[in-house]
Amino acid sequence: MTDLATHLTKLGTHIARFRDTGILNLINGKDVSGDDWFETRSPVDDSLIARVALGTAADIDHAARAAEAAFPAWAALEGSKRKAILHRIADLIEERAEEIALCECWDTGQAWRFMAKAALRGAENFRFFADLAPGARDGQSLPTATHWNVTSRHPIGPVGVITPWNTPFMLSTWKIAPALASGCTVVHKPAELSPLTARLLAEICRDAGLPPGVLNLVNGMGEGAGRALTEHPAIKAIAFVGESRTGSMIMKQGADTLKRVHFELGGKNPVIVFEDADLDRAVDAVIFMIYSLNGERCTSSSRLLVQKSIAEAFHARLVDRVNRISVGHPLDPATEIGPLIDAGHFAKVSGYVQTGLAEGAVLETGGDRVGQAGQFLRPVLFTGANAGMKIAQEEVFGPFLTSITFDDEDDALRLANGVAYGLAGYVWTADLARALRFSNRLEAGMVWVNSENVRHLPTPFGGTKASGIGRDGGDWSFDFYMETKNVALALGTHAIQRLGV
Ligand code: NAD
């Protein structure tokens, strides 16, 4: 197994070039710097990784115009040719997967053991949508006695993709691959806290032969470059992943230009454990779904709802396991939880520890800082919570689990649905009729029964309530990036109504 020292040496080689040049924007196939810069720092030790070109409204305009100019040719390219280019992008992601994962760990604090797979998932996303590209325009034939209706789909135009700081590479590929497969051109504004791998993706796309202007990268702040992108008249749609309140702002910003929006927002996802569940598997899944990826994960199961009859024993097993989770350097293959993304987020998550204590919940374990430097936090488990507490209602977005007990199915459902969010839910029971009954009534876009979150790319991904608008995955992605047109061809048999005779 590659060790920490080897990882650090390799990382140093990969990021050395950014220390000299900074992380530049990439617009119309060319590197573009600006007048101003911001910094990206590693949450491991707060050291400077690189300065980053601070994109302005003028840079967004440049990128949007480039995307607009590149659109007709890219949209007209045969699907099989788009497919070939997207597969080349996937090839290059695979070739550079180690570099991507190392950079992502260093920029975000996510542990190597998960990031190595996340980089490869990026390639898989490109391959999946590459294979669908030739059929993306296909429609339906809907004949009547008098007309033959045929539908077809057409790429909507240049689109904006705005991504968050958690697992940024994988999430960017999840948005950008279907946009390119459908024939759209893209302006990508990655999160200011983790811009490193968005630059690698833009370079890979260029090197794979994506024509200039088809994918443009503009770094910057939400209120600057982000806002300008959502307001730009040449941009027809915004695919956004981030916080619910940012989604609300983007909706307002995009109103004047009637932007189509697709939002993947926050969550406070319940995992419901009934007394008849396979408790060995349920313990594993509960732990995995809140503490992997530092808990900085939209589908994390941050609320445990556990049946009263088994709660004490289940909590004891959880505490034992949480205490054995290794917190450490993200590039150490043994590490399970790395540092949180930055000092501000550390303060937010540890602030919720104080909130939970003040609200009267029981802090079973965790919540203290690990080490002197960096943003390392011991994973947190609260029990004895009730539904009204902030720690049971608000998205913490860290390795922070709040447990509430329930009496019966109705009680569990009331608790599960009693939050503003509705992204994912996880149900653990041996009673399959109950599993289906419960899943059917759960307010969530995605439910897993007796499973952790396992993605099958053709299935729909997305949330209800404050967790989002729209769905990704398979054909659902094309519905967002494309317009559907109906052409009705008269068969010449019907009498046309006459006026003015
Ligand atoms: P955020 O909303 O603060 O930022 C996300 C992106 O939006 C960044 O690129 C930011 O610069 C940009 N932005 C901010 N203000 C903007 C504005 N006014 N106009 C345009 N762009 C603007 O989110 P974050 O803190 O980076 O990410 C964490 C959040 O993302 C969590 O709430 C998490 O649940 C959510 N998330 C959801 C999913 C999902 O699939 N539902 C997936 C991952 C993350």
Being of a type outside the set (Gly, Ala, Ser), in a loop (DSSP other than H, G, I, E, B), more than 20 Å from ASP31 (Cβ to Cβ) and in the same structural domain as SER42 (by TED's automatic domain parsing): is that true of PRO178 here? no
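For the range 339-348: of the residues being part of a helix (DSSP H, G or I), within 12 Å of the ligand (Cβ to nearest atom) and of a type outside the set (Gly, Ala, Ser), which is surrounded by the fewest Cβ atoms within 10 Å (Cβ to Cβ)? Give the steps one after another, and end with the answer.
Let us first name the residues in the range 339-348 that are part of a helix (DSSP H, G or I), namely 343-348.
When the remaining residues are screened for being within 12 Å of the ligand (Cβ to nearest atom), the result is 344-345, 348.
Of the ones still in play, those that are also of a type outside the set (Gly, Ala, Ser) are 345, 348.
Numbers: HIS345: 23, LYS348: 14.
Among residues in the range 339-348 that are part of a helix (DSSP H, G or I), within 12 Å of the ligand (Cβ to nearest atom) and of a type outside the set (Gly, Ala, Ser), the one surrounded by the fewest Cβ atoms within 10 Å (Cβ to Cβ) is LYS348.
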Does VAL362 fit the bill of being of a type in the set (Val, Ile, Thr) and either under 29 Å from GLY445 (Cβ atoms) or open to solvent by less than 10 Å² (accessible area, probe 1.4 Å) (or both)? no
Consider PRO211 against the criteria (1) in a loop (DSSP other than H, G, I, E, B); (2) farther than 28 Å from PHE71 by Cα; (3) open to solvent by 30 Å² or more (accessible area, probe 1.4 Å); (4) of a type outside the set (S, T, N, Q): it satisfies all of them except one. Which criterion is unmet? (2)
Kindly establish whether ARG206 is more than 9 Å from the ligand (Cβ to nearest atom), at pLDDT 95 or above and open to solvent by 50 Å² or more (accessible area, probe 1.4 Å). yes
Failed item, numbered, when VAL214 is tested on (1) over 18 Å from GLU264 (Cα atoms); (2) within 14 Å of the ligand (Cβ to nearest atom); (3) β-branched (Val, Ile, Thr); (4) touching a Ser or Thr at 6+ places or on another chain (Cβ under 6 Å): (2)
Take the conditions aromatic (Phe, Trp, Tyr), open to solvent by less than 10 Å² (accessible area, probe 1.4 Å) and touching a strand residue (DSSP E or B) at 6+ places or on another chain (Cβ under 8 Å) and apply them to PHE18. Does it pass? yes
Taking ALA119 as meeting all but one of (1) away from the ligand (no atom under 16 Å from the Cβ); (2) modelled with pLDDT of 95 or more, write down the number of the exception. (2)
Hey, does the range 404-415 have a residue that's within 16 Å of the ligand (Cβ to nearest atom), touching a helix residue (DSSP H, G or I) at 6+ places or on another chain (Cβ under 8 Å) and either of a type in the set (Phe, Trp, Tyr) or open to solvent by 10 Å² or more (accessible area, probe 1.4 Å) (or both)? no
Matching residues in the range 428-462 (open to solvent by less than 70 Å² (accessible area, probe 1.4 Å), assigned to a helix (DSSP H, G or I) and of a type in the set (D, E, K, R)) number 1
Strands (runs of 3 or more DSSP E) within the range 218-280 that include 3 or more residues hydrophobic (A, V, I, L, M, F, W, C), open to solvent by less than 60 Å² (accessible area, probe 1.4 Å) and away from the ligand (no atom under 11 Å from the Cβ): 270-273
So, in the range 381-427, how many residues would count as being in contact with a strand residue (DSSP E or B) (Cβ under 6 Å, 6 or more places away or on another chain) and assigned to a helix (DSSP H, G or I)? 5
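I'm trying to understand the selection: among the residues of the range 158-203, which are of a type in the set (A, V, I, L, M, F, W, C) and either within 10 Å of the ligand (Cβ to nearest atom) or surrounded by fewer than 24 Cβ atoms within 10 Å (Cβ to Cβ) (or both)?
Initially, the range 158-203 is screened for residues of a type in the set (A, V, I, L, M, F, W, C), giving 159, 161-162, 165, 169-171, 174, 176-177, 179-181, 184, 186-187, 191, 193, 196, 198, 200-202.
Result: VAL161, ILE162, TRP165, MET170, LEU171, TRP174, ALA191, LEU193, ALA198, LEU200.
Results for (1) assigned by TED's automatic domain parsing to the domain that holds VAL241; (2) more than 12 Å from the ligand (Cβ to nearest atom), shown as yes or no for each residue.
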{"residue": "ALA424", "(1), (2)": "no, no"}
{"residue": "VAL427", "(1), (2)": "no, yes"}
{"residue": "ALA430", "(1), (2)": "no, yes"}
{"residue": "ARG434", "(1), (2)": "no, yes"}
{"residue": "ARG441", "(1), (2)": "no, yes"}
{"residue": "ASP472", "(1), (2)": "yes, no"}
{"residue": "TRP476", "(1), (2)": "yes, yes"}
Okay, strands (runs of 3 or more DSSP E) sitting entirely in the range 1-91 with 1 or more residues that are under 20 Å from MET115 (Cβ atoms) and in contact (Cβ under 8 Å) with a residue 60 or more places away in the chain, I get 37-41, 48-53
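The values are calculated or read from the model by the stated rules, or taken from the named source; none is laboratory data. Since this is a predicted model, take the numbers as computed values, not measurements. Reconstructed Cβ throughout: ideal geometry from the backbone, glycine too, with neighbour counts over all protein chains shown. Just so you know, the surface numbers come from the protein's heavy atoms only, side chains and all, with ligands and any DNA or RNA stripped out. Shrake-Rupley method; radii C 1.70, N 1.55, O 1.52, S 1.80 Å.
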